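Novice: One structure is given below, represented as structure tokens, and several questions about it will come after.
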Amino acid sequence: MLSASLRLDPARVVAPVSRRTFGSFVEHMGRCVYTGIYEPTHPTADADGFRQDVLALTRELGVTVVRYPGGNFVSGYRWEDGIGPVADRPVRRDLAWRSLESNEVGIDEFMRWAGKAGVEVMYALNLGTRGVQEALDVHEYLNQPDRTRLAELRRANGAAEPYGIRMFCLGNEMDGPWQLGHKTAGEYGRLAVETARALRAADPDVELVVCGSSGSSMPTFAAWEAEVLEHAYDEVDAISAHAYYEPVDGDVGSFLASAVDMDHVIDSVIATADSVGARRKSSKRLNISFDEWNVWYLRQFMADRDTGSTEWPFAPRVIEDCYTVTDAVVVGNLLVSLLRHSDRVTAACQAQLVNVIAPIRSEPGGPAWRQTIFHPFAITARLARGTVLRVELEAPAYQTDRYGEVPLLDAVATHDTGSGDVTLFLVNRHQTEAMALSVPLAGFGGGLRVAESWTVADDDPAATNTAEHPDRVVARPAGHAEVTGGVLHATLPALSWTAIRLEGGVARPADPAALA
Ligand code: AHR
């Protein structure tokens with residue numbers, strides 16, 4: 001058995017856990033909206049046509065904020081197509097995903113769904129085929145209380161109160177040649193800053209996210225961020241990052257180290273943004289909105305797409321990846337990476353919520369179920385409370401083809417000073433060997449004991465959940481986790497993700513900043 005240890009100190013705080021870390025993404029793509037969140041003929045549909053089985057799973061997942069309505073879709077979207085009487089709404093071509101959009105679900109329907117799901121909405125603006133005026137128009141429809149034409153239109157459409165959306169994405173992946181209205185960094189930087197100034201003139205409280213690169217493999221990664229921020233630094237609050245991971249050519253070792261790449265992406269974007277800030281002699285620091293991340297079998301998608309279909313379907317099955325235990329371990333590890341950067345990553349959205357590379361799957365007229373990746377997300381969203389603590393690992397390493405030498409253990413911890421709880425999120429990247437872990441807890445004043453512990457692992461790392469076997473893979477109570485002599489001893493199975501919550505620590509009066 002491998003052995004490792006981990007050091008924790010309640011004084012070594014990274015930042016408060018940002019609840020927006022546990023965001024998700026609903027795009028008008030494939031079956032995320034239609035037969036995903038919305039299916040009026042489904043047996044569980046409510047009066048608004050929303051599937052209550054999917055709503056219940058969304059709440060259980062612990063999602064806090066949802067990015068909407070895209071994604072690549074947004075760069076050709078006319079938001080006004082989706083308001084007013086449904087019978088009058090036009091059917092349009094969606095060029096991003098080569099399908100038809102009925103516009104049956106638009107802003108008002110989605111805001112109703114978000115209210116039922118209990119989530120904040122992060123609204124993405126079309127800066128592909130549109131610009132400043134349309135951004136102002138949709139903002140007016142969403143947030144202007146009354147008396148203007150678009151505020152009164154919203155009220156006539158049934159929403160008397162403004163929606164009060166705070167976060168706006170200034171377009172989507174504008175560096176990507178696949179994006180409708182793709183721009184150079186200079187062109188986009190100008191448009192982003194003009195749009196930002198106009199929105200702030202309308203509403204000083206908006207939080208604006210400018211587009212970073214669509215991925216770290218883009219040839220312009222970092223150079224794009226630097227040039228865009230030379231224009232937009234003073235006007236925006238955050239810059240976006242996107243990353244998708246998959247095993248390439250069966251290289252599971254590198255895939256299991258995907259969080260190493262996510263750490264690198266975050267550190268690179270922070271370094272680039274800070275260097276722009278330094279050149280501008282600005283005391284302001286930008287945050288990262290990591291508003292698309294997940295495991296995505298992208299090569300398979302590209303191969304399927306290149307078959308060159310000439311159809312224009314409604315809500316086709318697109319990238320309905322079926323996730324394995326290994327994928328769930330990687331997703332749990334990506335959450336570890338996001339959490340340990342909580343000082344700068346203040347929002348993140350797993351892409352997407354239902355059916356499209358998603359933790360929730362649903363069948364038209366049929367069941368909805370939890371994919372393997374649902375479990376680490378739901379448990380992390382529930383247990384990561386208070387502040388994030390820095391951890392120091394002593395663990396064996398392994399060699400990966402993509403990232404060189406990588407520790408076999410990855411971990412992060414949170415400390416809820418209000419309750420005294422300490423929670424550890426742990427990944428054993430070894431594919432065949434379990435790991436004995438010890439964590440001295442002296443710094444927490446004694447008294448900590450294991451309250452709950454959950455592991456995702458399986459004898460078959462390729463196991464998946466399906467409509468027929470929806471609970472083939474679940475999170476199970478960890479086999480061995482106990483505190484003896486002030487030290488936590490736990491066994492982490494091979495290729496596993498584990499969360500251990502310790503209770504009985506010294507509780508201090510709640511620190512309002514830490515609870516933010
Ligand atoms: O999430 C799927 C797609 O991935 C999004 O539409 C796009 O922004 C990204 O490339």
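The values are calculated or read from the model by the stated rules, or taken from the named source; none is laboratory data. Worth saying up front: this structure is predicted, and the values here are computed from it rather than measured. Here the Cβ is made from the backbone with ideal geometry for all residues, glycine too, and neighbour counts use every protein chain on show. Accessible surface is based on the protein model in full, side chains and every heavy atom, while ligands, DNA and RNA are left aside. Shrake-Rupley method; radii C 1.70, N 1.55, O 1.52, S 1.80 Å.
Novice: Before we move on, is TYR297 of a type in the set (Ser, Thr, Tyr), within 16 Å of the ligand (Cβ to nearest atom) and open to solvent by 10 Å² or more (accessible area, probe 1.4 Å)?
Specialist: Spelling it out, TYR297 is indeed of a type in the set (Ser, Thr, Tyr), within 16 Å of the ligand (Cβ to nearest atom) and open to solvent by 10 Å² or more (accessible area, probe 1.4 Å).
Novice: At negative phi and out of contact with any Pro (no Cβ under 7 Å at 6 or more places or on another chain), is that true of ALA124?
Specialist: Criteria not met by ALA124.
Novice: Let me ask another. Of the residues VAL63, VAL54, VAL13, only one is in a strand (DSSP E or B), in contact (Cβ under 8 Å) with a residue 60 or more places away in the chain and either in contact with a strand residue (DSSP E or B) (Cβ under 6 Å, 6 or more places away or on another chain) or surrounded by fewer than 19 Cβ atoms within 10 Å (Cβ to Cβ) (or both); which?
Specialist: Of the residues listed, the single one that is in a strand (DSSP E or B), in contact (Cβ under 8 Å) with a residue 60 or more places away in the chain and either in contact with a strand residue (DSSP E or B) (Cβ under 6 Å, 6 or more places away or on another chain) or surrounded by fewer than 19 Cβ atoms within 10 Å (Cβ to Cβ) (or both) is VAL13.
Novice: Mind counting the residues in the stretch 306-336 that are modelled with pLDDT under 95 and closer than 20 Å to LEU409 by Cα?
Specialist: Residues that pass the stated criteria total 0.
Novice: Can you tell me which residue within the stretch 404-423, out of those that are touching a strand residue (DSSP E or B) at 6+ places or on another chain (Cβ under 6 Å) and assigned to a loop (DSSP other than H, G, I, E, B), is farthest from ILE500 (Cα to Cα)?
Specialist: Filtering first and then ranking leaves LEU408.
Novice: Can ALA241 be described as within 16 Å of the ligand (Cβ to nearest atom), open to solvent by less than 10 Å² (accessible area, probe 1.4 Å), within 22 Å of the chain's Cα centre (by Cα) and closer than 25 Å to LEU426 by Cβ?
Specialist: Yes; evaluated as a whole, the condition is true for this residue.
Novice: Still on this structure, I have one more. Do we find a residue being surrounded by fewer than 22 Cβ atoms within 10 Å (Cβ to Cβ) and in a helix (DSSP H, G or I) anywhere in the stretch 363-378?
Specialist: yes
Novice: Among the residues of the stretch 424-476, which ones are under 19 Å from ARG7 (Cα atoms), open to solvent by 50 Å² or more (accessible area, probe 1.4 Å) and assigned to a strand (DSSP E or B)?
Specialist: ARG449
Yes/no per residue for (1) charged (D, E, K, R); (2) in contact with an Asp or Glu (Cβ under 9 Å, 6 or more places away or on another chain):
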position	(1), (2)
THR400	no, yes
LEU408	no, yes
LEU426	no, yes
THR432	no, no
ARG449	yes, yes
ALA463	no, no
VAL473	no, yes
HIS480	no, no
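Novice: When the stretch 379-396 is examined, which residues are found to be among the hydrophobic types (A, V, I, L, M, F, W, C) and either under 17 Å from the mean Cα position of the chain (by Cα) or open to solvent by 50 Å² or more (accessible area, probe 1.4 Å) (or both)?
Specialist: Matches in the stretch 379-396: ILE379, ALA381, LEU383, ALA384, LEU393.
Novice: Something else now. Considering each of SER217, SER268, SER258, SER254 in turn, give the residue that is within 23 Å of the chain's Cα centre (by Cα), among the small types (Gly, Ala, Ser) and within 16 Å of the ligand (Cβ to nearest atom).
Specialist: SER217
Novice: Additional query: How about the stretch 147-236: which helices (runs of 4 or more DSSP H) wholly inside it have at least 1 residues that are open to solvent by 30 Å² or more (accessible area, probe 1.4 Å) and in contact (Cβ under 8 Å) with a residue 60 or more places away in the chain?
Specialist: 149-156, 185-202
Novice: Can you say whether THR44 is open to solvent by 20 Å² or more (accessible area, probe 1.4 Å) and hydroxyl-bearing (Ser, Thr, Tyr), as far as the supplied structure shows?
Specialist: Spelling it out, THR44 is indeed open to solvent by 20 Å² or more (accessible area, probe 1.4 Å) and hydroxyl-bearing (Ser, Thr, Tyr).
Novice: I need every pair where a residue in the stretch 73-94 that is touching a residue at least 24 places away in the same chain (Cβ under 8 Å) has its Cβ under 7 Å from the Cβ of a residue that is within 16 Å of the ligand (Cβ to nearest atom) and of a type in the set (Val, Ile, Thr), sequence separation at least 6 or different chains.
Specialist: From the stretch 73-94, the pairs are SER75/THR129; GLY76/THR129.
Novice: Here is a further query. Any residue at all in the stretch 300-321 that's touching a residue at least 60 places away in the same chain (Cβ under 8 Å), under 27 Å from ARG472 (Cβ atoms) and away from the ligand (no atom under 16 Å from the Cβ)?
Specialist: No; the residues of the stretch 300-321 include none that is touching a residue at least 60 places away in the same chain (Cβ under 8 Å), under 27 Å from ARG472 (Cβ atoms) and away from the ligand (no atom under 16 Å from the Cβ).
Novice: Taking the stretch 27-68 on its own, how many of its residues are under 21 Å from VAL210 (Cα atoms) and out of contact with any helix residue (DSSP H, G or I) (no Cβ under 7 Å at 6 or more places or on another chain)?
Specialist: Within the stretch 27-68, residues that are under 21 Å from VAL210 (Cα atoms) and out of contact with any helix residue (DSSP H, G or I) (no Cβ under 7 Å at 6 or more places or on another chain) number 1.
Novice: Kindly evaluate ALA278 against the criterion of being without any contact (Cβ under 8 Å) to a residue 40 or more places away in the chain, under 23 Å from GLU27 (Cβ atoms), open to solvent by 30 Å² or more (accessible area, probe 1.4 Å) and more than 16 Å from the ligand (Cβ to nearest atom).
Specialist: No.
Novice: While we're looking at this one, here's another question. Going through the stretch 69-101 one residue at a time, which ones are among the aliphatic types (A, V, I, L, M), under 18 Å from VAL121 (Cα atoms) and either open to solvent by 40 Å² or more (accessible area, probe 1.4 Å) or more than 16 Å from the ligand (Cβ to nearest atom) (or both)?
Specialist: Passing the criteria: only ILE83.
Novice: Let me ask something additional. Of the numbered conditions (1) more than 19 Å from SER258 (Cβ to Cβ); (2) crowded, with 16+ Cβ neighbours inside 10 Å; (3) within 22 Å of the chain's Cα centre (by Cα), ARG285 satisfies every one except a single condition; which is it?
Specialist: Exception for ARG285: condition (2).
Novice: Do we have TYR141 as among the aromatic types (Phe, Trp, Tyr) and out of contact with any helix residue (DSSP H, G or I) (no Cβ under 9 Å at 6 or more places or on another chain) here?
Specialist: Judged against the criteria, TYR141 is not a match.
Novice: Got a sec? Which of VAL318, VAL330 is in a loop (DSSP other than H, G, I, E, B) and either open to solvent by less than 50 Å² (accessible area, probe 1.4 Å) or more than 30 Å from ALA273 (Cα to Cα) (or both)?
Specialist: After ruling out the rest, the residue left standing is VAL318.
Novice: Here is a further query. What's the total number of residues in the stretch 16-37 that are open to solvent by 30 Å² or more (accessible area, probe 1.4 Å) and either within 13 Å of the ligand (Cβ to nearest atom) or in contact with a strand residue (DSSP E or B) (Cβ under 6 Å, 6 or more places away or on another chain) (or both)?
Specialist: So the count comes out to 2.
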